[in-house]
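Each value in this text was obtained by applying a stated rule to the coordinates, not by laboratory testing. Computed from a predicted model, the values in this text were never measured in an experiment. When we count neighbours, we look across all protein chains shown, and the Cβ atoms used for this are built from the backbone with ideal geometry, even at glycine.
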Ligand code: SAH
């Protein structure tokens, strides 16, 4: 396994196999949690650095970054060691910085409004590559005070379907929350899924303290199936039932994401039907005016229309807000940046 994927026990085993004393494992673990490469592990003897250098690393580097003039959002294009590219976005809020990371190169889910899935899924990301996106950002923008992090919150909402890369995502969540490691609180992490119902049930058991977001985008099967092929396998009522089980078991509210698409799901009648569908569930609705992807031919809605939709849900006692649009001047929509750069590279 690449170095960046190893947890503390695996590093202890590796170093003991290399004949090293135990305290070296703690040193290596510390370095790996900061994204250091073997040649930067300055308190190790040169011979050990050399041995570690001969093992694949499995890390992430920043290929390009783009700053939003409007709100300080930074969009990253990350490079993986096999030359694949994935995207991430750093968003600044008053309570800290949220990094949106990718879980796969591309995606297999085929949602009709999304740029990430246009060319399918190339491969899953490893544990080290998910963590590596955070560490690359923190190496690039070190925290202002020692003992603090640049990235305080994480959302798994970049390219890919997290529950379609289940084992690595759960492994990553354990790794990034490790108290003697990166130590990011599970309460500061959200995982977003298109609604793979059996995996949601496993997830409730394996990562109960993480916030679950479910991409709903419609209140009826016909519209949802036309936007999200996964709905044909797991229809909307089965997704909502799984959301209820999550809320009941964890006592935490589930977040429903709802991209407002003009002429498709964004009327006041849609808001009324949605509020009936969600009645009685401990939940919050996150409304996102669709970020139109040229290849997809679907329209967004105005901020005012989105606010009206939110107000209607709130009147009907369904908690809802319109997500602040961030970085729209730098291709914030999933997968758009990677596609443009790939087209430029491939010509
Ligand atoms: N596969 C996961 C997570 C990745 S996408 C999921 O489906 O939830 C993160 C969110 O962005 C999802 O709600 C997704 O439906 C939404 N999204 C994708 N493309 C979008 C676009 N062009 N405009 C607005 N939201 C979009």
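P(r) for the stretch 1-121, from all Cα pairs and a bin width of 10 Å, is 12, 32, 27, 21, 8, 1 %, short bins first.
Want the number for residue 9 to residue 144: 0.36 nm per residue separation, take away the alpha-carbon distance, what's left?
Details: separation 135, 0.36 × 135 = 48.60 nm, distance 3.10 nm.
Gain in length upon complete extension: 45.5 nm.
Okay, helix-only estimate at 222 nm for the chain: each DSSP H run of n ≥ 4 adds -39500 (n - 2.57), divide by all residues, round to 500 deg cm²/dmol; what do you get? Present the calculation step by step, with values, prior to reporting the outcome.
Details: 12 runs with 125 residues, N = 347.
Dividing the helical sum by the residues of the chain leaves -10500 deg cm²/dmol.
Kirkwood-type hydrodynamic radius, the stretch 221-277: 12.6 Å, calculated from all non-identical alpha-carbon pairs.
Convex hull over the alpha-carbon atoms of the stretch 3-53: what's its volume per residue in Å³? Kindly include the intermediate steps, with their values, before the conclusion.
Numbers: hull volume 3.4 nm³, N = 51.
Dividing the Cα hull volume of the stretch 3-53 by its residues yields 67 Å³.
Looking at the stretch 102-246 alone, DSSP beta bridges between its own residues are antiparallel in about 30 percent of cases. Here the relative contact order of the stretch 1-80, from alpha carbon pairs under 8 Å that lie six or more residues apart, stands at 26 percent.
Provide the three semi-axes, in whole Å and in decreasing order, of the ellipsoid equivalent to the stretch 128-261 as defined by the square roots of 5 times the Cα gyration tensor eigenvalues. Intermediate results must be reported in sequence, preceding the final value.
Numbers: eigenvalues 176, 50, 33 Å².
Equivalent ellipsoid of the stretch 128-261: 30, 16, 13 Å, largest first.
Relative to the globular-protein estimate of 2.2 N^0.38 Å, the Cα radius of gyration of the stretch 71-117 stands at 1.36.
In this label model, residue 185 and residue 112 are separated by 4.1 nm, measuring between points 7 Å along each Cα→Cβ vector.
Averaging 1/r over each pair of different alpha-carbon atoms in the stretch 163-206 and inverting the result gives 11.1 Å, the Kirkwood hydrodynamic radius. If you model the chain as an ellipsoid using its alpha carbon gyration tensor, with each semi-axis the square root of five times an eigenvalue, the axes come out at 37, 22, 18 Å, biggest first.
Principal-axis analysis of the Cα atoms of the chain puts helix 303-315 at an angle of about 80° to the longest axis. Taking the stretch 123-150 and a reference point 7 angstrom along Cα→Cβ of residue 252, the backbone N atoms nearer than 19 Å belong to 131. Using the Cβ-Cβ distance between residue 17 and residue 272 with R0 set to 56 Å, the FRET efficiency works out to roughly 0.35. Compared with the dominant principal axis of the Cα atoms in the chain, helix 127-140 is inclined by about 80°. If R0 is 45 Å, the Cβ-Cβ spacing of residue 237 and residue 36 corresponds to a FRET efficiency of close to 0.40.
Please tell me the relative contact order of the chain in percent, rounded to the nearest whole number, where contacts are Cα pairs under 8 Å and at least six residues apart.
Working: 651 pairs, mean separation 50.8, N = 347.
Across the chain, relative contact order equals 15 percent.
Compared with the dominant Cα axis of the chain, that is its longest principal axis, helix 22-32 is turned about 40°. Each residue, residue 69 and residue 321, gets one label point 7 Å from its Cα in the Cβ direction; the gap between the two is 2.8 nm.
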